[in-house]
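Undergrad: Before I ask anything, let me first share the structure, which is written out below as structure tokens.
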Amino acid sequence: MTDAGPGPAFLAAQQAAGVIAAKHRGDFAGAEELLASIGDEAMRTRGFCLLAELALSLVRSQTGQSMDELVQELTLLIAEAG
């Protein structure tokens, strides 16, 4: 029996978190390199979607808000920024 380990989307989400961390510490070249290493566009998309869902779940557990409330608040913040 082999150890399956985390799935590809979870690994991509970990790398996506690394991209964000690198950007926030000013390592833009490292962020670009890590982003390119995630794989194809579909895997990058899955990774960032999973990361967003996990981050929203973390916020939800801290605030007690529903996912719908959080998404609505986030959508308003995005609209204000754009």
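Undergrad: Run the quick spin-label model on SER37 and SER61: label points 7 Å from Cα toward the beta carbon, then report their separation in nm to one decimal.
TA: It works out to 2.7 nm between the two label points.
Undergrad: Would you kindly state how much longer the chain becomes between ASP68 and THR45 on full extension, computed as 0.36 nm times their sequence separation minus their alpha carbon distance, in nm to one decimal?
TA: Working: separation 23, 0.36 × 23 = 8.28 nm, distance 2.14 nm.
Full extension from ASP68 to THR45 adds 6.1 nm.
Undergrad: Can you pull the one-decimal nm distance between simple spin-label points at THR75 and ALA9, each 7 Å off the Cα toward Cβ?
TA: Using points 7 Å along Cα→Cβ, the separation is 2.2 nm.
Undergrad: Based only on the alpha carbon positions, what is the Kirkwood hydrodynamic radius of the chain, in angstrom? Mind showing how you got there, number by number?
TA: Working: mean 1/r = 0.0701 Å⁻¹.
It works out to 14.3 Å.
Undergrad: Could you tell me what percent of the accessible area of the chain is made up of carbon and sulfur, with a 1.4 Å probe and every protein chain present?
TA: Details: 3690 of 6050 Å².
So the carbon and sulfur contribution to the accessible surface is 61 percent.
Undergrad: Return one whole number: the accessible area per residue of the chain in Å², for a 1.4 Å probe. Could the numbers behind the result be given before it?
TA: Details: 6050 Å² over 82 residues.
In whole numbers, the chain has 74 Å² accessible per residue.
The values are calculated or read from the model by the stated rules, or taken from the named source; none is laboratory data. Just so we're clear, the structure is a prediction, and the values are computed from it rather than from any experiment. Heads up, the Cβs are rebuilt from the backbone with ideal geometry, glycines too, and the neighbour counts pull from every protein chain shown. Calculation scope for accessible area: heavy atoms of the full protein, side chains included, ligands and nucleic acids excluded. Shrake-Rupley method; radii C 1.70, N 1.55, O 1.52, S 1.80 Å.
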